[in-house]
């Protein structure tokens, strides 16, 4: 959600700011702007829509200044207009902001009562107005910043410029991340390390409640109460080359094709392929002694957790409670100190997931985090981190992060099964042998079925509604397929457990309803075939995603049958993820949607 970049350097920064903002486009946005300080005076350029509109403005009216702030906005308060775009100005103060100021209405009313005039519909403008008011009362910029962060409530990452102070940028963080990059005679601030990767890999992450004063040659960090605090510097693991599309049309396509390597890296981190054992993991979660596991996540990460639940329960006989993170902590479920909790997030900054983590921590549970960004807030607050090694994922619709999360869950389920004596050494060896083949099989599937899926997507793009069916882990993949299709193609799609078909959804079936059935030849196959018969009898157009054994066992007429290689049931979710991803991707391409940045969506959701 949104993106922030700030630079204090030795040369004009406007172009650098825009280039850095481009690397944050994956987060989702609907307007953009930059502001610079030059000769003690603020100036800005803003535009609704994409960054090309902002670049056009800067080409016509360049900005000077060796210090500046930039922002891509995803509208929460007020329409996505130029007037509501950041940076916001007020009497010599410029502010950019990610998050939501929850008490903005109260602050605005108080400031208006004192004569302040507001010019936008945003919650962010109150921050600029508030700091300006504090400066007018005689406070220094640092004093005004400290007073402001004590008064505002909510989720925020802030960068602030003040006229007359060309040597200083102030930042603050409470919720959404804010990274500070160290250079040589220059400093940088950004929403994440990707934004700063061309400038530096020497990063300091602010923690919740921190505010900072950044100058060319030094960084000072303070608590909300104004006390100096120390935060460690670390080397970011993001490589700039990894955020380029290469020869692919979209980041999503590139990331789909990166999955064999991503899965391989993640499995190799957890598994010893030679010894055919899961590597011992230094961790405070003792799977042998816990009685249960809580899992919470959002979106695709939740669906990865759903498959993880199946694996933990089946292979480790470990009871699992799972819920979407935005509902999890409101259930007030009973918890004991003989339980642990796992939280899943690609970015490691998902607000609802982070809130659920803190809820479990307050209740005394040991916390594990499955994240792709090891420097993230969720990773830092967990007791143990189980990293995915997917590399940067730019496309909003998660692909390689999803399959990498599955690889982590597969590894942990084996680890838990061995610890709980529910898996033998022989079973562990067989499961790891299956995992060894997964990257190769995924790679072969990608190239084998791509032409068929592309042609099938052309047909699918003609419809307005699609139904997905599956059983077991294939039901979860059906939910993932429906989510992918709706979020990037804007076709309405729903998923049901195939056994639920006759309990309502069958009323929707006619010749205008494509039904995508995911059914490898496993223990559920025969019953799923019965459900397919019910669809066929009512004229539904069936797209059958199965394996070679399933295709041979079925004589049913379908619109199309996609036959994958026969694979071990353990790794089937990794392999069967590929066709649902490709189907959604190619359908969106045919429909001409913005595949990498679908409307109304953001990659990193840092507000609840």
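Here is a check on your reading of the model: is residue 198 buried (at least 17 other Cβ atoms within 10 Å of the Cβ), part of a loop (DSSP other than H, G, I, E, B) and either over 28 Å from the mean Cα position of the chain (by Cα) or in the same structural domain as residue 146 (by TED's automatic domain parsing) (or both)? Let's see the steps before the verdict.
Details: buried (at least 17 other Cβ atoms within 10 Å of the Cβ): no; part of a loop (DSSP other than H, G, I, E, B): yes; either over 28 Å from the mean Cα position of the chain (by Cα) or in the same structural domain as residue 146 (by TED's automatic domain parsing) (or both): yes.
For residue 198, the condition - buried (at least 17 other Cβ atoms within 10 Å of the Cβ), part of a loop (DSSP other than H, G, I, E, B) and either over 28 Å from the mean Cα position of the chain (by Cα) or in the same structural domain as residue 146 (by TED's automatic domain parsing) (or both) - is not met.
Quick check on my filter: what residues within the range 547-601 are modelled with pLDDT under 95, part of a helix (DSSP H, G or I) and in contact with a strand residue (DSSP E or B) (Cβ under 8 Å, 6 or more places away or on another chain)?
548, 550, 551
Does any residue of the range 501-509 turn out to be under 23 Å from residue 258 (Cβ atoms), assigned to a loop (DSSP other than H, G, I, E, B) and touching a strand residue (DSSP E or B) at 6+ places or on another chain (Cβ under 8 Å)? Quick ask: steps written out before the conclusion?
First pass over the range 501-509, keeping only residues under 23 Å from residue 258 (Cβ atoms): none.
No: zero hits.
Only one of 537, 497 is in contact with a helix residue (DSSP H, G or I) (Cβ under 6 Å, 6 or more places away or on another chain) and at pLDDT below 95. Can you tell me which? Don't jump to the end; show me each part of the working.
Details: 537 fails: in contact with a helix residue (DSSP H, G or I) (Cβ under 6 Å, 6 or more places away or on another chain).
After applying the criteria, what remains is 497.
Across the range 397-453, which residue is nearest to residue 312 (Cα to Cα) among those that are out of contact with any helix residue (DSSP H, G or I) (no Cβ under 7 Å at 6 or more places or on another chain) and assigned to a loop (DSSP other than H, G, I, E, B)?
Looking at the filtered set, the residue picked out is 420.
Just for strands (runs of 3 or more DSSP E) wholly inside the range 3-63: which have at least 1 residues that are under 21 Å from the mean Cα position of the chain (by Cα)?
Values: elements: 3-8, 31-38, 41-48.
Per the criteria, 3-8, 31-38.
Which condition number does residue 426 fail, the rest of (1) surrounded by fewer than 20 Cβ atoms within 10 Å (Cβ to Cβ); (2) in contact (Cβ under 8 Å) with a residue 12 or more places away in the chain being met?
It fails just one condition, (2).
In contact with a helix residue (DSSP H, G or I) (Cβ under 9 Å, 6 or more places away or on another chain), farther than 16 Å from residue 193 by Cα and either crowded, with 24+ Cβ neighbours inside 10 Å or not assigned by TED's automatic domain parsing to the domain that holds residue 488 (or both), is that true of residue 50?
It is true that residue 50 is in contact with a helix residue (DSSP H, G or I) (Cβ under 9 Å, 6 or more places away or on another chain), farther than 16 Å from residue 193 by Cα and either crowded, with 24+ Cβ neighbours inside 10 Å or not assigned by TED's automatic domain parsing to the domain that holds residue 488 (or both).
Yes/no per residue for (1) buried (at least 24 other Cβ atoms within 10 Å of the Cβ); (2) touching a strand residue (DSSP E or B) at 6+ places or on another chain (Cβ under 8 Å); (3) in the same structural domain as residue 291 (by TED's automatic domain parsing):
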| position | (1), (2), (3) |
| --- | --- |
| 358 | no, no, yes |
| 373 | yes, no, yes |
| 387 | no, yes, yes |
| 391 | no, no, yes |
| 400 | yes, no, yes |
| 404 | yes, no, yes |
| 410 | yes, no, yes |
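Condition test on residue 492, is it more than 24 Å from residue 556 (Cβ to Cβ) and touching a residue at least 40 places away in the same chain (Cβ under 8 Å)? If you could, list the steps in order and put the result at the bottom.
Values: more than 24 Å from residue 556 (Cβ to Cβ): yes; touching a residue at least 40 places away in the same chain (Cβ under 8 Å): no.
The answer is no for residue 492.
For the structure I just gave you, tell me whether residue 505 is more than 20 Å from residue 255 (Cα to Cα) and surrounded by fewer than 22 Cβ atoms within 10 Å (Cβ to Cβ). Explain how you work it out, then say what you get.
Numbers: more than 20 Å from residue 255 (Cα to Cα): yes; surrounded by fewer than 22 Cβ atoms within 10 Å (Cβ to Cβ): yes.
Yes; evaluated as a whole, the condition is true for this residue.
Determine whether the range 310-319 contains at least one residue that is at positive phi and touching a residue at least 40 places away in the same chain (Cβ under 8 Å).
Quick first cut of the range 310-319, residues at positive phi only: 317.
Now narrow it down to the ones that are touching a residue at least 40 places away in the same chain (Cβ under 8 Å): 317.
Checked against the condition, which is being at positive phi and touching a residue at least 40 places away in the same chain (Cβ under 8 Å), the range 310-319 yields at least one hit.
Which number in (1) more than 31 Å from the chain's Cα centre (by Cα); (2) surrounded by fewer than 22 Cβ atoms within 10 Å (Cβ to Cβ); (3) farther than 27 Å from residue 409 by Cα marks the one condition that residue 535 misses?
(2)
Considering only helices (runs of 4 or more DSSP H) fully contained in the range 220-327, which possess at least 3 residues that are surrounded by fewer than 18 Cβ atoms within 10 Å (Cβ to Cβ) and at pLDDT below 90?
Values: elements: 251-257, 259-270, 299-315.
Qualifying helices (runs of 4 or more DSSP H): 259-270.
Among residues belonging to the range 1-29 that are out of contact with any strand residue (DSSP E or B) (no Cβ under 6 Å at 6 or more places or on another chain) and at pLDDT below 85, point out the one that is surrounded by the fewest Cβ atoms within 10 Å (Cβ to Cβ).
It comes out as 25.
The values are calculated or read from the model by the stated rules, or taken from the named source; none is laboratory data. Remember, it's a predicted structure, so these values are computed and weren't measured experimentally. Neighbour counts run over all protein chains shown; Cβ positions are idealised from the backbone, glycine included.
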